[in-house]
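Scroll down for the structure; my scribbles are underneath it.
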Amino acid sequence: MANRHERRKNIKLGRAEIVRIDDFINMPSMCAWEGCHCTTSNADNEGWSKMVLYTGKTRTNFLNIDPRRIARDCVLCPEHARYLDEHLLKDIGRPLRHLEGTA
């Protein structure tokens, strides 16, 4: 595996690098909000939200989404996930639902 500086160089030069799935999963995630530099090594932490924006038919299972239709696959830190819900999305009469404890 290339070291961090080699990976940055590859990104700057636009070269693709093959990364093992285990290494990819363990890479830190950065909040997608413009100007935010919050990162997490575990996007499953409380409050971090995942967002997949795609075109085409509505799918109830994101694995059925055609990857060519995905416009954005990202995470938002707790602060910006809350801001998105409270200020930018239409009011649906309740906050984003919390799935904790449901099966």
How much length would be gained if the chain were fully extended between Met51 and Asp23, taking 0.36 nm per residue of separation minus their Cα-Cα distance, in nm to one decimal? 8.0 nm
What shape does the stretch 31-103 have by the C-alpha gyration tensor, where a ≥ b ≥ c are the square roots of the eigenvalues, rounded means a/c under 1.5, and otherwise prolate means a/b greater than b/c and oblate the rest? rounded
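A short reminder: the numbers here are calculations on the coordinates, not readings from a lab. Just so it is clear, the model here is predicted, and its values are computed rather than measured.
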